[in-house]
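Engineer: First the structure, then my questions, so here it is.
The values are calculated or read from the model by the stated rules, or taken from the named source; none is laboratory data. Being a predicted model, the structure only gives us computed values, none of them experimental. Cβ: placed from backbone, ideal geometry, glycine included. Neighbour counts: every protein chain shown. We work out accessible area using only protein heavy atoms, side chains counted, and drop any ligands, DNA or RNA first. Shrake-Rupley method; radii C 1.70, N 1.55, O 1.52, S 1.80 Å.
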Amino acid sequence: MSGRDDAAFRTKGEEQTVKAGVCAQEKETAHAWERNIRRVTPYVPGEQPVGDRLVKLNTNENPYPPAPGVRAALAAMDTADLRKYPDPTASRLVNALAGYYGLSPEQVFVGVGSDDVLAMAFLTFFNSEKPLLFPDVTYSFYPVWAELFGIPYETCPLDEDFAIDPRNYDRSNGGVIFPNPNAPTGRLMPLVQVEDILRHNQDVVVVVDEAYIDFGGESALPLLKRYENLLIVRTFSKSRAMAGMRIGYAFGAPKLIRAMQDIKYSYNSYTMNLPSILAGEAALKDEAYFKETVGKIVATRERAKKRLAGLGFTFPDSMANFLFLRHKTVRADELYKALRARQIYVRYFTGPRLKDYLRVTVGTDEEMELLYCFLEEYLGAPV
Ligand code: PMP
């Protein structure tokens with residue numbers, strides 16, 4: 001078990017013991033320069049185990065390959081061009097995205113995965129002494145960026161069914177961010193409620209993280225016309241099956257996009273490398289393939305809901321490419337370990353509202369069948 005993953009298993013008490021041990025060690029060896037090190041508790045990404053026979057349902061990757069045109073675009077790329085810096089504006093990709101979504105290029109920002117885009121949005125827009133607001137159960141990178149950039153923040157509790165209550169965001173704040181569908185719950189907020197939050201927060205930037213929107217959600221895209229303070233962040237990692245390429249993007253009013261570009265160019269101008277610009281552009285050209293693969297994932301997800309409910313799991317009604325599962329009788333950490341021992345990887349998060357759940361990515365039907373088979377055997381449920 002890797003050190004990282006081991007950390008996911010520690011209880012709060014154990015965590016404190018570990019931290020205390022590390023501090024004691026550090027005191028013994030501390031040099032003056034160490035006091036100037038910026039200390040952060042990093043985001044812990046899901047592990048990337050290696051092997052042919054494992055079933056990887058832990059990081060919400062797409063189980064299908066990217067569109068065939070991506071391979072062709074990379075094969076056609078002249079490697080001699082890697083000699084040069086890439087286009088800092090990534091204009092081919094920006095124009096392709098603008099064309100695809102019916103926007104102007106001035107409304108589009110691109111970055112190295114949506115993590116990069118989100119980090120830039122945090123740096124650019126959340127610069128107030130008032131707290132940034134986001135749900136208590138959400139993408140666990142948000143508090144990490146807030147801590148890193150010294151942004152004050154407060155979390156708003158989801159209700160017991162993991163729904164966001166827009167009324168929690170009706171107070172003085174320095175910005176708002178939430179994913180829709182939310183992660184790791186998969187719950188979708190209806191567009192009227194997204195607009196409700198925007199309507200009550202017109203003095204701050206509201207970021208809607210739509211990493212999973214293509215799997216059945218209604219996008220906030222039409223609201224861009226009415227709200228200049230709306231930023232929508234998206235990714236090629238999930239619905240376009242290109243997590244390894246690292247492409248993220250954002251849509252917003254030109255004023256917002258220009259502000260993000262100023263921050264980006266003050267940090268690293270050449271974030272988008274040539275292969276990702278070309279591959280991203282190519283992926284957008286194959287609408288039939290996109291619809292087909294997303295459709296397959298949605299169909300598998302809906303079948304999974306029925307099978308898993310039959311096996312004694314409860315879960316919010318996910319509109320993403322993952323399910324957030326709780327078993328009626330078996331503990332999530334126990335199940336996580338048992339699955340792992342069978343080379344079936346899912347994600348387990350500690351934390352008071354998360355520890356009873358497993359987040360399971362929707363894989364291919366064959367992968368899901370292996371999961372159900374194991375669960376039927378382990379839980380002793382009828383086939
Ligand atoms: N937002 C949410 C809600 C996510 O779950 C993820 C995936 N970890 C991301 C953003 C980042 O994805 P990427 O950087 O691969 O675009």
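Engineer: Here is a list of conditions, (1) within 12 Å of the ligand (Cβ to nearest atom); (2) surrounded by fewer than 19 Cβ atoms within 10 Å (Cβ to Cβ); (3) more than 18 Å from Asp262 (Cα to Cα), and Val112 meets all of them except one; can you say which number that is?
Structural biologist: Single failed check for Val112: (3).
Engineer: Let me ask another. Residues that are open to solvent by 10 Å² or more (accessible area, probe 1.4 Å) and assigned by TED's automatic domain parsing to the domain that holds Asp115, at least 3 per element: which strands (runs of 3 or more DSSP E) completely within the stretch 144-250 meet that?
Structural biologist: Once the strands (runs of 3 or more DSSP E) in the stretch 144-250 are filtered for at least 3 residues that are open to solvent by 10 Å² or more (accessible area, probe 1.4 Å) and assigned by TED's automatic domain parsing to the domain that holds Asp115, what remains is 153-156.
Engineer: Say we look at the stretch 183-199 and pick out the residues that are over 17 Å from Thr361 (Cβ atoms) and of a type in the set (Val, Ile, Thr); which of these is farthest from the chain's Cα centre (by Cα)?
Structural biologist: Val192
Engineer: Okay, next question. Do you know which residues across the stretch 251-274 are assigned to a loop (DSSP other than H, G, I, E, B) and of a type in the set (S, T, N, Q)?
Structural biologist: Ser266, Asn268, Ser269, Thr271, Asn273 - these are the residues of the stretch 251-274 that are assigned to a loop (DSSP other than H, G, I, E, B) and of a type in the set (S, T, N, Q).
Engineer: For the stretch 65-82, name all the residues that are closer than 20 Å to Ile247 by Cα, outside any helix (DSSP H, G or I) and open to solvent by 40 Å² or more (accessible area, probe 1.4 Å).
Structural biologist: Once the filter is applied, which keeps residues that are closer than 20 Å to Ile247 by Cα, outside any helix (DSSP H, G or I) and open to solvent by 40 Å² or more (accessible area, probe 1.4 Å), the stretch 65-82 yields Pro65, Pro66.
Engineer: Can I ask one more? (1) touching a strand residue (DSSP E or B) at 6+ places or on another chain (Cβ under 8 Å); (2) buried (at least 19 other Cβ atoms within 10 Å of the Cβ); (3) of a type outside the set (Phe, Trp, Tyr); (4) over 30 Å from Thr79 (Cβ atoms): which one isn't true of Gly280, the others all being true?
Structural biologist: The one condition Gly280 does not meet is (4).
Engineer: Follow-up question, since we're still on this one. So which of Lys264, Lys255 is buried (at least 18 other Cβ atoms within 10 Å of the Cβ), within 21 Å of Thr89 (Cα to Cα) and in the same structural domain as Ala72 (by TED's automatic domain parsing)?
Structural biologist: So the residue among Lys264, Lys255 that is buried (at least 18 other Cβ atoms within 10 Å of the Cβ), within 21 Å of Thr89 (Cα to Cα) and in the same structural domain as Ala72 (by TED's automatic domain parsing) is Lys264.
Engineer: Also, quick follow-up: Considering only the stretch 120-143, state which residues are crowded, with 16+ Cβ neighbours inside 10 Å and under 22 Å from Gln261 (Cα atoms).
Structural biologist: Correct list: Met120, Ala121, Phe122, Leu123, Thr124, Phe125, Phe126, Ser128, Leu132, Phe141, Tyr142.
Engineer: Is it the case that some residue within the stretch 110-127 is touching a Pro at 6+ places or on another chain (Cβ under 6 Å) and of a type outside the set (Val, Ile, Thr)?
Structural biologist: Scanning the stretch 110-127 turns up no residue that is touching a Pro at 6+ places or on another chain (Cβ under 6 Å) and of a type outside the set (Val, Ile, Thr).
Engineer: Of these, Gln16, Gln48, which one is part of a loop (DSSP other than H, G, I, E, B), modelled with pLDDT under 95, outside the structural domain of Ser276 (by TED's automatic domain parsing) and within 30 Å of Ala332 (Cβ to Cβ)?
Structural biologist: Exactly one of Gln16, Gln48 is part of a loop (DSSP other than H, G, I, E, B), modelled with pLDDT under 95, outside the structural domain of Ser276 (by TED's automatic domain parsing) and within 30 Å of Ala332 (Cβ to Cβ), namely Gln48.
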